[in-house]
Amino acid sequence: MDETPILYELADGVATVTLNRPDKLNSFTEAMHAALRAAIDRAEADKARALLLTGAGRGFCAGQDLSDRVTSPGAGPPDLGRTIGEHYNPLVRRLRGLAMPVVCAVNGVAAGAGANIALACDIVLAARSASFLQAFAKIGLVPDSGGTYWLPHLVGTARAMGLAMLAGRLSAEEAERWGLIWKAVDDDKLMAEARAIARELAAGPTMALVAIKRAIHAAESNTLDEQLDHERDVQRALGASHDYAEGVRAFMEKRAAKFAGC
Ligand code: T3D
């Protein structure tokens, strides 16, 4: 049994959450899902202003732990719809909806749901040696955890089809070139760079950062007119925030702003 399938640490307003089943490339068990939910709850209760997600060991996450999916003769098939509905989909929705920026440091291979959970985060950095693998077709499944949504939106239909159907590895550098992730980083600099970005975001105007996240996601389905109206409404609300007043004051006084996140 895993004692601590998820590690949690809070420093400088950043909640760092580490997937911690390194011997199995941090693949998901039900216990790990539960521990991850609890860690995100804790980040919210701690009033963290940014979340940093990464993996322990040489992998980021290899998706579902397939040893939990081996059926014995005579037993019925596993209900994958249940686990997706109870665990993976709520996790993706939570990361996308979380009221703080989410940085993902992909430290090694990200396969299956592991790849798509990384893509659900707001800013994705990957070690140069890391790779992304839509492993699903290799085991007779379709990309889940948002995979069939992220791929065409991020890299276009042709590349989405190739990645999903051929289920080959995409290097971190190619993922950056294709626009799947923000940046590939030298392995030995990954965590320092990811922490620096997370700390910068945690010291930033949280309300505005969360509004940016939501506005950019809204643009995936809005028309230009709807998006212009959305920007007007959000800007009106932000114009009444402490951080906007502080940002303007700091600019006029030629000093760094001290954002409070409200
Ligand atoms: O089921 C549901 O609820 C529906 C939801 C599904 C979501 C999904 O994610 S389905 C897709 C599941 N994931 C995969 O199909 C990926 C399986 N893993 C791999 O293809 C390879 O491990 C990798 C390409 C990711 C990495 O390859 P490599 O050669 O670097 O490492 P390895 O030797 O294959 O793996 C190292 C160990 O981790 C190994 O254990 P061992 O032999 O040393 O004891 C391997 O069995 C284990 N491991 C890796 N991935 C998984 C896993 N064990 C269980 N489940 C895994 N997904």
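How about the chain: what cysteines have no other cysteine beta carbon under 4.7 Å from their own?
Singleton cysteines: C61, C262.
What list of ³J(HN,Hα) couplings, whole Hz, do you get for the range 17-33 from phi and the Karplus terms 6.51, -1.76, 1.60, once you set θ to phi - 60° and write x for glycine and proline?
10, 10, 6, 10, 10, x, 5, 10, 6, 6, 6, 7, 10, 4, 5, 5, 4
Mind checking the log10 I(q)/I(0) for the chain at q = 0.08, 0.14, 0.16 Å⁻¹? Debye, one equal scatterer per Cα, no solvent, two decimals.
The Debye formula, applied to the Cα set alone, gives -0.34, -1.00, -1.25.
Taking K and R as +1 and D and E as -1, what net charge do the other residues with C-beta under 14 Å from the C-beta of R177 add up to?
0
Through the Karplus equation 6.51 cos²θ - 1.76 cosθ + 1.60, θ set to phi - 60°, convert the phi angles of the range 251-260 into ³J(HN,Hα) values in whole Hz; use x for Gly and Pro.
Result, rounded to whole Hz: 4, 5, 8, 6, 9, 6, 6, 10, 7, 9.
When each pair of different Cα atoms in the range 153-231 is counted once in the 1/r mean, what is the Kirkwood radius in angstroms, to one decimal?
15.4 Å
Of R49, R199, R82, which has the largest mean-square fluctuation in a 10 Å C-alpha GNM of the chain?
Highest fluctuation of the listed residues: R82.
Could you run the Debye sum over the Cα atoms of the range 87-180, one equal point scatterer each and no solvent, and tell me log10 of I(q)/I(0) at q = 0.10, 0.14, 0.16 Å⁻¹, two decimals?
-0.22, -0.45, -0.59
Helix 190-202 versus the longest principal axis of the chain: what angle, 0 to 90°, nearest 10, using Cα atoms?
40 degrees
If I build a Gaussian network model for the chain, linking alpha-carbon pairs within less than 10 angstrom, which residue out of A137, A118, A39 has the largest mean-square fluctuation?
Looking only at A137, A118, A39, the largest GNM fluctuation is found for A137.
Give the share of C-alpha pairs in each 10 angstrom bin for the range 206-252, from 0 to the last occupied bin, in whole percents, shortest bins first.
Going out from 0 Å in 10 Å bins, the range 206-252 shows 26, 47, 22, 5 percent.
Along the range 52-63, what does the Karplus equation 6.51 cos²θ - 1.76 cosθ + 1.60 (θ = phi - 60°) give for ³J(HN,Hα), rounded to whole Hz, x for Gly and Pro?
Here the 3J(HN,Hα) series is 10, 10, 8, x, 8, x, 8, x, 7, 5, 9, x Hz.
Kindly provide the helix-only [θ] at 222 nm of the chain, computed as the sum of -39,500 (n - 2.57) over DSSP H runs of four or more divided by all residues, to the nearest 500 deg cm²/dmol?
Rounded to the nearest 500, the figure is -13000 deg cm²/dmol.
Here, each number is a calculation from the coordinates, and none is a lab measurement. Here the structure is a predicted model, which is why all the values come from computation and not from measurement. Heads up, the Cβs are rebuilt from the backbone with ideal geometry, glycines too, and the neighbour counts pull from every protein chain shown.
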